[in-house]
1. Looking only at region B:51-95, count how many residues are of a type in the set (D, E, K, R), more than 16 Å from DNA strand C (Cβ to nearest atom) and under 16 Å from B:Arg10 (Cα atoms).
2. Identify the residue in region B:32-52 that is within 17 Å of B:Ala85 (Cα to Cα) and crowded, with 20+ Cβ neighbours inside 10 Å and, among all such residues, is nearest to the other protein chains (Cβ to nearest Cβ).
3. For region A:68-118, how many residues are without any contact (Cβ under 8 Å) to a residue 40 or more places away in the chain, in contact with a helix residue (DSSP H, G or I) (Cβ under 9 Å, 6 or more places away or on another chain), of a type in the set (S, T, N, Q) and within 22 Å of B:Ser87 (Cβ to Cβ)?
4. I'd like to check something: does region B:35-44 contain any residue that is within 16 Å of ligand 4 (Cβ to nearest atom) and closer than 16 Å to A:Ser55 by Cβ?
5. Could you tell me whether A:Lys57 is open to solvent by 50 Å² or more (accessible area, probe 1.4 Å), more than 7 Å from chain B (Cβ to nearest Cβ) and at positive phi?
6. Name the residue, out of A:His51, A:His69, A:His113, that is modelled with pLDDT under 90, more than 16 Å from ligand 3 (Cβ to nearest atom) and either over 16 Å from B:Glu93 (Cβ atoms) or in a helix (DSSP H, G or I) (or both).
7. Looking only at region B:86-120, filter to residues that are more than 8 Å from chain A (Cβ to nearest Cβ) and under 18 Å from the mean Cα position of the chain (by Cα); which one of those is most open to solvent (accessible area, probe 1.4 Å)?
8. Would a scan of region B:18-27 turn up a residue that is within 22 Å of A:Leu56 (Cβ to Cβ) and open to solvent by less than 30 Å² (accessible area, probe 1.4 Å)?
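The values are calculated or read from the model by the stated rules, or taken from the named source; none is laboratory data. Model, not experiment: these values are computed from the prediction. For neighbour counting, all protein chains shown are included, and Cβ atoms are generated from backbone atoms with ideal geometry for every residue, glycine included. Just so you know, the surface numbers come from the protein's heavy atoms only, side chains and all, with ligands and any DNA or RNA stripped out. Shrake-Rupley method; radii C 1.70, N 1.55, O 1.52, S 1.80 Å.
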Protein chains: 2
Amino acid sequence: MQADVLAVLRRRDAPMSAYEVLDRLRDGNSRLAPPTIYRALAALIEGGRVHRLESLKAFVACKCEQHGHVPIFSICKECGTVEEAVSRRITNELSRIAGQSGFAPARHVIEVHGQCARCESKEAPA
Amino acid sequence: MQADVLAVLRRRDAPMSAYEVLDRLRDGNSRLAPPTIYRALAALIEGGRVHRLESLKAFVACKCEQHGHVPIFSICKECGTVEEAVSRRITNELSRIAGQSGFAPARHVIEVHGQCARCESKEAPA
DNA sequence: GAGTTCATGTTATATTATAACCTATCTTGC
DNA sequence: GCAAGATAGGTTATAATATAACATGAACTC
Ligand SMILES: [Zn+2]
Ligand SMILES: [Zn+2]
Ligand SMILES: [Zn+2]
Ligand SMILES: [Zn+2]
């Protein structure tokens, strides 16, 4: 099931909701309910092979080489595509800021909404 | 209505779900439905006086002096309290990273989950 | 006062996520 | 082989979050 879910997510460049994944997998297997999908997603996220885009309530396959990294997402509000980046510098600085008050960081959520290069050039072709 | 919602959020240190706010306000006015709350929250967020914690699906009153800033949240997984910080350095760096591919950032979501100083010292009082 | 705007009320429903319990399969040591 | 435990997944139901669509009423405009 995890493999199926991962395959569906990888076939897409854009994030998918859990129910979109469910519908896609139902094509072949009509007896498929939300808990199955959410369980697979939870395991994949645990393993770092899928990320949840908190601000979109949606999921994407990880595109990085080594898992277990802190992902930084750029989310285009026009076309919905997502880029995944990594920056030690940001995560270190972020841990430092949060840690100033004695806070012990465990998980980082970094998402940037905006417009991707393609959509910008389309909108203002001057 | 916005004032009522803001007052409810300010009375709490921890984030509240929209339905918690709704229940609180229903104490005085039983004819109150979700759209009313969500509308008030949307307006308050628009004005920068409330933030939505994307990874918690919850809302907090802004604690900063000037609104319109980029908030950085530290969220304690033990006690649920939230600290709000600001860092030009991080937002600049984040815009730079996202912008490398021509992406135009518009809105930043930065949330750090972990354990606050108080809860840490409770857990390991050695 | 008719026309407009704006905030809110009202009803219904969409979307996202999980609880609780059941069943099949596998594995492991005996 | 087979009981005991572990794991994955199925099934049913429901919780929690959020929005669509339309109605009402007050306030302001001319
Ligand atoms: Zn990744
Ligand atoms: Zn785009
Ligand atoms: Zn703020
Ligand atoms: Zn704490």
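1. 4
2. Within region B:32-52, the match that is nearest to the other protein chains (Cβ to nearest Cβ) is B:His51.
3. Matching residues across region A:68-118 total 2.
4. no
5. For A:Lys57, the condition - open to solvent by 50 Å² or more (accessible area, probe 1.4 Å), more than 7 Å from chain B (Cβ to nearest Cβ) and at positive phi - is met.
6. Unique residue meeting the criteria: A:His69.
7. Across region B:86-120, the extreme among qualifying residues is B:Val86.
8. Checking region B:18-27: at least one residue is within 22 Å of A:Leu56 (Cβ to Cβ) and open to solvent by less than 30 Å² (accessible area, probe 1.4 Å).
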